[in-house]
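Following: one structure in C-alpha cells, then a few remarks.
The values are calculated or read from the model by the stated rules, or taken from the named source; none is laboratory data. Not measured: the values here are computed from a predicted model. Every residue, glycine as well, gets a Cβ built from its backbone with ideal geometry; the counts of neighbours run over all protein chains shown. Keep in mind that these areas ignore ligands, DNA and RNA; they rest on the heavy atoms of the full protein, side chains included. Shrake-Rupley method; radii C 1.70, N 1.55, O 1.52, S 1.80 Å.
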Amino acid sequence: MLIRFSRLALLSAGLCAVSIGTAAAEQKQFPVDPTWQAECGSCHVAYPPQLLPAASWDRIFATLGDHFGSDATLDPAVAADLLRYAQTHAGRAANPAPLRITETRWFRHEHDEVPMATWQRKAIGSPANCAACHRQADTGDFSERGIRIPR
Ligand code: HEC
Ligand code: HEC
C-alpha cells in the first residue's frame, strides 16, 4: 500500500506555510509499514511519518512510556525498527522538533478554515483525531475528497 498526498510540496518544504500546490513535488508516495499501522494505529490513526521531522520522531520514541499521558511502550527492538522507518520517511522542518503534528505551522495553515468550535465537537474532540474528518485516514488517504466534517 502507498500513501498519497497532494500538496506534499508543503511538507517537504519544511512543514511551514508556503505557497500551495505550486512546487514540483505535488505528490509523493511512501511505503506503509504494517507494524507501524498496527502499533501506532491502535489508539489513534497511524500518523504518516512525513508529517513530522526526524528530530520529532526521536523525541516521541524517547518518551513512549509517557506518551501524551498514555503508556505506549514497545518492545525495544520493535521501537528501534519503527523509529528507523519514521526517520527514513520523515519530513523536514525549519522549527525545532515539535511533538505534535497539530502544532506545526503546516497543520495550522492547512486547517485554517476549520473554526475553533468545530474542533471541540463531540465527534471530533481533538485536532489529533484525524480520522473524524479524514474518513480514509486509516488507509493513509488525507486527500480533500475523503474529508467529511461530522456535525
Ligand atoms: C496507548 C495509546 C497510544 C499508542 C499505542 C500510541 N499513541 Fe500516539 N497518542 C496517544 C494519545 C492519547 C495522544 C494525544 C491525542 C490527542 O491529543 O487528542 C497521542 C498523540 C500522538 C501524536 C501527536 C498528535 C498531534 O499532532 O496532536 C503523535 C505524533 C503520536 N501520538 C505518535 C505515535 C506513534 C509514533 C506511536 C507508535 C510508536 C503511537 N503514537 C502510539 C496515544 C497512543
Ligand atoms: C475537523 C476536521 C479535521 C480534522 C480533525 C483534521 N483535518 Fe485535515 N483537513 C480538514 C479540512 C477541512 C482540510 C482542508 C481541505 C481543503 O480546504 O483543502 C484538511 C486538509 C488536510 C490535508 C491536506 C489535504 C490535501 O490534499 O490538500 C492534510 C494532509 C491533512 N488535512 C491532514 C490531517 C491530519 C494528519 C490530521 C490529524 C493530525 C487532520 N488532518 C485532522 C479537516 C480536518
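What about P150, is it more than 15 Å from L51 (Cα to Cα), open to solvent by less than 60 Å² (accessible area, probe 1.4 Å) and not hydroxyl-bearing (S, T, Y)? Before you say what the answer is, go through the steps one by one.
On the way: more than 15 Å from L51 (Cα to Cα): yes; open to solvent by less than 60 Å² (accessible area, probe 1.4 Å): yes; not hydroxyl-bearing (S, T, Y): yes.
Spelling it out, P150 is indeed more than 15 Å from L51 (Cα to Cα), open to solvent by less than 60 Å² (accessible area, probe 1.4 Å) and not hydroxyl-bearing (S, T, Y).
Any residue in region 113-140 that is of a type in the set (D, E, K, R) sitting within a Cβ distance under 9 Å of a residue that is assigned to a helix (DSSP H, G or I) and open to solvent by 30 Å² or more (accessible area, probe 1.4 Å)? List the pairs, counting only those 6 or more apart or interchain.
So the pair list comes out as D138/Q37; D138/A131.
Sort through E110, E144 and tell me the only one that's of a type outside the set (S, T, Y), surrounded by 12 or more Cβ atoms within 10 Å (Cβ to Cβ) and within 6 Å of ligand 2 (Cβ to nearest atom).
After applying the criteria, what remains is E110.
Would you be able to say whether some residue in region 59-75 is out of contact with any Cys (no Cβ under 8 Å at 6 or more places or on another chain), of a type in the set (K, R), open to solvent by 40 Å² or more (accessible area, probe 1.4 Å) and within 13 Å of ligand 2 (Cβ to nearest atom)?
No, region 59-75 contains no residue that is out of contact with any Cys (no Cβ under 8 Å at 6 or more places or on another chain), of a type in the set (K, R), open to solvent by 40 Å² or more (accessible area, probe 1.4 Å) and within 13 Å of ligand 2 (Cβ to nearest atom).
Filter region 88-101 down to residues that are open to solvent by 30 Å² or more (accessible area, probe 1.4 Å) and either within 11 Å of ligand 1 (Cβ to nearest atom) or of a type outside the set (S, T, Y) (or both), then give me how many there are. Step through it out loud before you land on a result.
Of the residues in region 88-101, the ones open to solvent by 30 Å² or more (accessible area, probe 1.4 Å) are 88-89, 92-96, 99-100.
In the following step, the residues that additionally are either within 11 Å of ligand 1 (Cβ to nearest atom) or of a type outside the set (S, T, Y) (or both) were identified as 89, 92-96, 99-100.
Final tally of qualifying residues: 8.
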